[in-house]
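To keep things clear, I will list the structure first and then write my remarks on it.
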Amino acid sequence: MSKQIYRSGTSIGANIAESRYAQSPADFVSKLSIALKESGETEYWLNSLHGGGFLTEEEFSSIYNDNVEIGKMLTSSIKTMKMKMGLP
């Protein structure tokens, strides 16, 4: 499980970094959407690790809250770009 959370967690940053060089606004949205999906996967693994007793409440809360904030920022950026593109 720790390897999975490492992969999904680092994939968020990798996709955000890749979005900086997007070939189009649609590609930008696509990269950020992938990052958002990875944030969702990270949330799943965090809940699994916490439920299994592998993370203390303090560790879980800190990482989980950071991940939630990242998800909010990604969602906001995706919505803003879609609005600029005239998409729903």
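Gyration tensor over the Cα atoms of the chain: the corresponding equivalent ellipsoid has semi-axes (square roots of 5 times the eigenvalues, largest first) of 28, 13, 9 Å. With protein chains left intact and a 1.4 Å probe, residues in the chain average 66 Å² of accessible area per residue. Considering only ILE70, LEU46, TYR21, the residue lying farthest towards the positive end of the dipole of the chain is TYR21, judged by Cα position with unit charges set on Cβ. Counting only alpha carbon atoms, the long axis of helix 25-51 and the longest principal axis of the chain meet at about 10°. Placing +1 on the Cβ of every Lys and Arg and -1 on the Cβ of every Asp and Glu, with nothing else charged, gives segment 13-88 a dipole about its Cα centre of roughly 620 debye. Solvent-accessible surface of protein heavy atoms, probed at 1.4 angstrom with all chains present, puts LYS31, LYS72, LYS82 in the order LYS72, LYS82, LYS31, largest first. Each peptide in 12-19, 45-52, 34-41 gets a packing score, the mean of other Cβ atoms within 10 Å over its residues, and the list from highest to lowest is 34-41, 12-19, 45-52. Note on the chain: with neighbouring protein chains present and a 1.4 Å probe, carbon and sulfur make up 58 percent of its accessible heavy-atom surface.
The values are calculated or read from the model by the stated rules, or taken from the named source; none is laboratory data. In this text the structure is predicted, and so the values were computed from the model without any measurement. Glycine also receives a Cβ, built like all others from the backbone with ideal geometry; neighbour counts cover every protein chain displayed. The protein model used for the area step is the full one, side chains on, heavy atoms only, and it has no ligands, DNA or RNA in it. Shrake-Rupley method; radii C 1.70, N 1.55, O 1.52, S 1.80 Å.
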